[in-house]
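First comes the structure, then the notes that go with it.
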Amino acid sequence: MSELSKITSDHLRRRAVVYVRQSSTTQVEHNRESTARQYQLAERAVALGWVRDQVRIFDEDLGVSGSGLAERAGFARMTAEVALGEVGIVLGLEVSRLARNNADWYRLLDLCGATHTLIGDADGIYHPACSTIAWCWG
């Protein structure tokens, strides 16, 4: 199944969100290419069918460690919008690195599944609510 066939009109009615993160200020300063690639995911959302005004970037966690010692307000707000059913797709550079730990990652996956929210990265678009893994993740 192609990426585009996973995207429905219901997904496109909701917002596309891009989560931009780097774990330290040193990474933000020295890995500018990675940060730029993350911001470019907004263009990917547009290419997938979202209107530019529907794309929201969460970047306030740039330079905030994922160690658990610092609150990541951007991730929390993004997760809340997913839980409210306001998001059609969450885009990140590597979706498995969106969260700081497995508990946050699985919570996000569960919320995306419950609200039929897609997750996308450079490798593809995934639908956590699907029961057929090969169809959804392949």
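A few points about this structure:
- Tally, over segment 109-138, of residues that are of a type in the set (A, V, I, L, M, F, W, C), at pLDDT below 90 and in contact with a Ser or Thr (Cβ under 9 Å, 6 or more places away or on another chain): 1
- Residue-level analysis places GLY49 outside the set of residues that are surrounded by 12 or more Cβ atoms within 10 Å (Cβ to Cβ), in contact with a His (Cβ under 6 Å, 6 or more places away or on another chain), modelled with pLDDT of 85 or more and closer than 27 Å to SER2 by Cβ.
- Qualifying residue in segment 14-27 (condition: at pLDDT 95 or above, of a type in the set (A, V, I, L, M, F, W, C) and assigned to a loop (DSSP other than H, G, I, E, B)): no
- Within the set VAL87, VAL82, VAL95, the sole residue that is touching a residue at least 12 places away in the same chain (Cβ under 8 Å) and touching a Cys at 6+ places or on another chain (Cβ under 7 Å) turns out to be VAL82.
- Consider segment 94-108 and keep the residues that are within 24 Å of LYS6 (Cα to Cα) and surrounded by fewer than 19 Cβ atoms within 10 Å (Cβ to Cβ). The one that is modelled with the highest pLDDT is ARG107.
- Candidates ALA70, ALA36, filtered to the one that is in a loop (DSSP other than H, G, I, E, B) and at pLDDT below 95: ALA70
- GLU86 fulfils the conditions (1) farther than 19 Å from VAL46 by Cβ; (2) surrounded by fewer than 17 Cβ atoms within 10 Å (Cβ to Cβ); (3) at pLDDT 95 or above except for a single criterion, (1).
The values are calculated or read from the model by the stated rules, or taken from the named source; none is laboratory data. These numbers were taken from a predicted model, which means no experiment stands behind them. Here the Cβ is made from the backbone with ideal geometry for all residues, glycine too, and neighbour counts use every protein chain on show.
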